[in-house]
Amino acid sequence: MILGNYIAAACVFGLGLYTVLSRRNLIKIVMGLSLMESSTYLLLISLAYRRGSTAPVLSTPQSGQTAGSLARGNVADPVIQNFCLTAIVIGVGVTAVFLSVAVRVAQHYRTLDSDKMRALRG
Amino acid sequence: MIWVSTREARTSPSGRSGAIRAGRPGGEHSPEPEALHRPALAGLLAVGMAICLVVALVGLPREDAHLPAVARQALEVAVPRWHITEPVNEVVYGTRGFDTFGETFLLLAAVVSVMTLTRRRESRHADGEEHGEERAGRREQEELDPPAPADADQAQARVAERNEEPGGGRSDEERTYPDDERLGAPSPERAEAMSVVTRTAARVAAPLLAVGGVYLAAEGYAPGGGFPAGAVILGVILMLWAGFGHERMGRSIQQRPLEALELAGALAIVGIEVLGLVIKGSVSANWLPLAKSPTTIFSGGVIQAFSGSEVIEVATGLTLAVFSLLAMRHDWTPDEADSGQGAGRDGGGGGAVGRDGGDADRDEGRGPGEDG
């Protein structure tokens, strides 16, 4: 039941959104964003899945099959797996930038509480 | 800081609550009750969003749907057109090569942003003169955030941090590494590196894992896999960092050559894509001869070249970004010796971030030129 994965992805996204909206600690907000990113990975990989399919690799066809027949057979969707790879790389970049901003904010305001970062300082 | 004083006045007559709150970055354990509107509103919005998503996702194709035409196309052209047996790599570096091209430069932009954000504070006193904004802000800064003397904790943290710096605090003759120590000596174990067991294991595992990472890119099922290979190489470097400590790895991870290598990888990717445009008339078209067999290291043509450049770009870029974060010093706010306002009262209330922050700040302030 791949529908379970879709619903789980929506729930994880909601959990991440809740974290981002309700927490005030910047590190927790970054964690919430990572949770939202992870939910998209789950969704994309679940979208690529087909019942009984093999991985989209054509190198070792079973006996009686060629790479061509394997390609026309039951395989997972390679395009959506590529999207997931892209999403992971972008997620890493975004998390790295947010974390360095969080460290700088902590050094500047001496707190990670987003509620306390309103005063101009320095 | 302003908010401390206003909060103290508003929330706690004793004036202590504000200081305690300041020391707790999260604020969860503060004596002041947490406002309820935040979780309630956030919960409402998150649940609403999740319901919308579920409604949308239920309509998506499931596991018994036919593959979309674009996926079929990718599967069918992989072997005949690109001589490569892994359609995902064909999509990443071939059919959707332009997308990967953009993604590469997004990663490069993220690395540049991290390095810009984490760079050391530069001295403003190079010409021996203060800048106007510094002079103008000093009086107000001292009023709001008066300097406080460093206590024992702060002094200890300052020394520890300086010792972690590559070459910081000690000269070459003074420096000893845990590897130089005799095994079983009664001296206390220092925390700058892990135990001899971990260090030996890291030494044995690192070359094997590094070869595994390069193999992912070079061969694997088929050529391709530059992103995972780059991530594996970063993993090896981080393993060594965890085993041997920041001081030793920081000496090996030099920013300048890595930057040059990363930009060389990016330049190679630009070259590969542009040559496709020049020679074949479309970006990311294959202009290299293809190997006959789809399972050799030379199959895939431009895919292999793209993926190889991607390994360099991803491995060096991620290493630069991670080591910039790891090497961040607490050098933001004050940079002067005489007016070093440091952590002040707010940071002194507790909280690791705040306390450590103040130490090194004043530490840095002693010699404005030493950062450069």
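The values are calculated or read from the model by the stated rules, or taken from the named source; none is laboratory data. Remember, it's a predicted structure, so these values are computed and weren't measured experimentally. With ideal geometry, Cβ positions are generated from the backbone for all residues, glycine too; neighbour counts draw on all protein chains shown.
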Q.
Every residue in the range B:64-95 that is surrounded by fewer than 17 Cβ atoms within 10 Å (Cβ to Cβ), of a type in the set (D, E, K, R) and not in a helix (DSSP H, G or I), please.
A. B:ASP64
Q: Among residues belonging to the range A:89-120 that are closer than 19 Å to B:ALA321 by Cα and more than 8 Å from chain B (Cβ to nearest Cβ), point out the one that is farthest from the chain's Cα centre (by Cα).
A: A:VAL105
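Might you check whether a residue that is within 17 Å of B:LEU325 (Cβ to Cβ) and within 14 Å of another protein chain (Cβ to nearest Cβ) occurs anywhere in the range B:212-223? I'd like the intermediate steps shown before the answer.
Initially, the range B:212-223 is screened for residues within 17 Å of B:LEU325 (Cβ to Cβ), giving none.
No, the range B:212-223 contains no residue that is within 17 Å of B:LEU325 (Cβ to Cβ) and within 14 Å of another protein chain (Cβ to nearest Cβ).
Residues checked against (1) free of Cβ contacts under 8 Å to residues at least 40 places away in the same chain; (2) in contact with a Pro (Cβ under 6 Å, 6 or more places away or on another chain); (3) more than 8 Å from chain B (Cβ to nearest Cβ); (4) buried (at least 17 other Cβ atoms within 10 Å of the Cβ):
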| residue | (1), (2), (3), (4) |
| --- | --- |
| A:SER22 | yes, yes, no, yes |
| A:LEU35 | yes, no, yes, yes |
| A:TYR41 | no, no, yes, yes |
| A:THR54 | yes, no, yes, no |
| A:GLN65 | yes, no, yes, no |
| A:VAL75 | yes, yes, no, yes |
Q: Spot the failing condition for B:ALA56; the list is (1) surrounded by 13 or more Cβ atoms within 10 Å (Cβ to Cβ); (2) at pLDDT 90 or above; (3) small (Gly, Ala, Ser), and only one is missed.
A: (1)
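So if I check each of A:LEU112, A:LEU99, A:LEU70, A:LEU85, which one is within 20 Å of B:ALA109 (Cα to Cα) and touching a Pro at 6+ places or on another chain (Cβ under 9 Å)? Steps first, answer last, please.
Values: A:LEU112 fails: within 20 Å of B:ALA109 (Cα to Cα); A:LEU99 fails: touching a Pro at 6+ places or on another chain (Cβ under 9 Å); A:LEU70 fails: within 20 Å of B:ALA109 (Cα to Cα).
Result: A:LEU85 is the single residue among A:LEU112, A:LEU99, A:LEU70, A:LEU85 that is within 20 Å of B:ALA109 (Cα to Cα) and touching a Pro at 6+ places or on another chain (Cβ under 9 Å).
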Q. If you take the residues in the range A:62-90 that are in contact with a Ser or Thr (Cβ under 7 Å, 6 or more places away or on another chain) and outside any loop (DSSP other than H, G, I, E, B), which one is farthest from B:ARG72 (Cα to Cα)?
A. A:ALA87
(Q) Taking the conditions exactly as written (at pLDDT 85 or above, crowded, with 20+ Cβ neighbours inside 10 Å, among the aliphatic types (A, V, I, L, M) and out of contact with any strand residue (DSSP E or B) (no Cβ under 8 Å at 6 or more places or on another chain)), does A:LEU17 satisfy them or not? (A) yes
Q) Which residue out of A:SER39, A:SER34, A:SER46 is closer than 20 Å to B:ALA65 by Cβ and assigned to a helix (DSSP H, G or I)? A) A:SER46
Q. Is one or more of the residues making up the range B:300-320 in a loop (DSSP other than H, G, I, E, B), within 13 Å of chain A (Cβ to nearest Cβ) and on the phi < 0 side of the Ramachandran plot?
A. no
**Q.** Qualifying position, being part of a loop (DSSP other than H, G, I, E, B), modelled with pLDDT of 70 or more and either within 30 Å of A:ASN82 (Cβ to Cβ) or not polar (S, T, N, Q) (or both), among B:ARG170, B:ARG203, B:ARG139, B:ARG120
**A.** B:ARG120
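Residues that are modelled with pLDDT under 85: find the helices (runs of 4 or more DSSP H) completely inside the range B:208-283 holding 3 or more of those.
Hits in the range B:208-283: B:246-252.
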